[in-house]
Amino acid sequence: MCPDFAATGNKGASRTGGAQPLHIGYEERSVFYHDEFLPFPGEVEFIASAARARGGNVLEVPCACGRLTIPLSRHVEHITAVDRDPQMILQLQKCLSSQGRIEKVDTFVADMRFLKLSSVFDVVVCPRESFQLLVNEIDALHALASFRRHVSKRGCVILDLAAFAQSSEALDDAPEYYSPGLADDEVVADWERRLDDGRTLRRSRSQRVRSPQLLELTFFHTLTSGAVTEEFVSTVELRIYSLSQICDLLKAGGLEVVEAYGNYGKAPISENSARFVILAEAR
């Protein structure tokens, strides 16, 4: 279910009199994040397999409102789910409670750059492009140091990155919000979805390659309930990495790449790969 914006202390503006869309951030998007991003085929199975091979105790950071946490909890021993936003954690806790999975998941509010948990884990997973939100290299190195502190001796860190390949051949496993070859700032319709509470959520988007290593995404959300329409806009920046760049960064962070794949099916990485799915161990 998609709760009201009042739940986070923010109200959207009704589309009347030419009102401009309300600019929102990560916290406000928690109210429809669960409906916006869905698990990829093979993603849960890939992470679960790595966890079973190394012990089954997983740290997921950031977890948002549980897109990966909830399905993964059915396949591993235990998950510690961490996100910097209290509203994301609140939405996750509500979903866990409704599904009776509280005992399988611990939740914490914390920044992935500065984690100080009392445990180590068999798998530390930073899922789907989350690491790429750290566009500053210093922040990225802080996060890698956090991951290294929290991974067990037999464990591994999984970084799941989008390659943002320019070839249209790389659409399988690619982010659904990215279109190779799309002109900067061209707005395209994504989808329309009926929410559990009867409202309708529609999303459009645009993208801009600001540099060879920086992608800017803008999302336009329209939420409709009866005669009332609310519009929201949000902007996200993502770091673009080559395989060699991310391997060098991991090395600088005290981690060594032991496996690297182009998708969740463990295909070799090529120039047209949609993803860099990397397993690294503490050096």
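The values are calculated or read from the model by the stated rules, or taken from the named source; none is laboratory data. Small disclaimer: the values here were computed from a predicted structure and weren't measured. So basically every Cβ, Gly included, is an ideal-geometry build from the backbone, and we count neighbours across all protein chains shown. Areas reflect the complete protein model, heavy atoms only, side chains present, ligands, DNA and RNA absent. Shrake-Rupley method; radii C 1.70, N 1.55, O 1.52, S 1.80 Å.
Scan the range 203-218 for residues that are without any contact (Cβ under 8 Å) to a residue 60 or more places away in the chain and either under 16 Å from S30 (Cα atoms) or acidic (D, E) (or both) and the total you get is 1. Considering the conditions (1) among the aliphatic types (A, V, I, L, M); (2) over 18 Å from the mean Cα position of the chain (by Cα); (3) surrounded by fewer than 17 Cβ atoms within 10 Å (Cβ to Cβ), L214 is excluded by exactly one of them, (2).
Residues satisfying the criterion are absent from the range 173-181 (criterion: closer than 19 Å to L68 by Cβ, at pLDDT 95 or above and either out of contact with any Asp or Glu (no Cβ under 8 Å at 6 or more places or on another chain) or not in a helix (DSSP H, G or I) (or both)). For the range 247-283, a residue qualifies if it is open to solvent by 70 Å² or more (accessible area, probe 1.4 Å) and either in a strand (DSSP E or B) or at positive phi (or both), and the qualifying residues are E256, K266. Applying the criterion of being among the β-branched types (V, I, T) and crowded, with 17+ Cβ neighbours inside 10 Å to the residues of the range 81-115, the residue that is farthest from C65 (Cα to Cα) is V105.
Only one entry of S244, S234, S206 meets the criterion of being closer than 24 Å to A162 by Cα, of a type in the set (G, A, S) and either open to solvent by 40 Å² or more (accessible area, probe 1.4 Å) or in a loop (DSSP other than H, G, I, E, B) (or both), and that entry is S244.
Entry remark, the range 133-143: residues being open to solvent by less than 50 Å² (accessible area, probe 1.4 Å) and either touching a residue at least 40 places away in the same chain (Cβ under 8 Å) or under 13 Å from A280 (Cβ atoms) (or both) number 3 in total.
Annotation note: of S130, S118, S146, the sole residue that is of a type in the set (G, A, S) and surrounded by fewer than 16 Cβ atoms within 10 Å (Cβ to Cβ) is S118.
Scanning the range 175-202 for residues that are free of Cβ contacts under 8 Å to residues at least 24 places away in the same chain and surrounded by 15 or more Cβ atoms within 10 Å (Cβ to Cβ) turns up P180, D190, R202.
When both residues are 6+ apart or on different chains and their Cβ atoms are under 8 Å apart, which pairs have a first residue that lies in the range 259-278 and is touching a residue at least 60 places away in the same chain (Cβ under 8 Å), and a second that is basic (K, R) and exposed (fewer than 13 other Cβ atoms within 10 Å of the Cβ)? Note: no pairs meet the criteria. Taking the range 49-63 as the region of interest, how many residues are within 15 Å of P127 (Cα to Cα) and open to solvent by less than 10 Å² (accessible area, probe 1.4 Å)? Residues that pass the stated criteria total 6. Suppose we filter the range 110-144 for residues that are in a strand (DSSP E or B) and under 16 Å from the mean Cα position of the chain (by Cα); how many remain? Here the count works out to 3.
Somewhere in the range 238-252, is a residue out of contact with any Asp or Glu (no Cβ under 7 Å at 6 or more places or on another chain), hydroxyl-bearing (S, T, Y) and touching a residue at least 12 places away in the same chain (Cβ under 8 Å)? Within the range 238-252, one or more residues are out of contact with any Asp or Glu (no Cβ under 7 Å at 6 or more places or on another chain), hydroxyl-bearing (S, T, Y) and touching a residue at least 12 places away in the same chain (Cβ under 8 Å).
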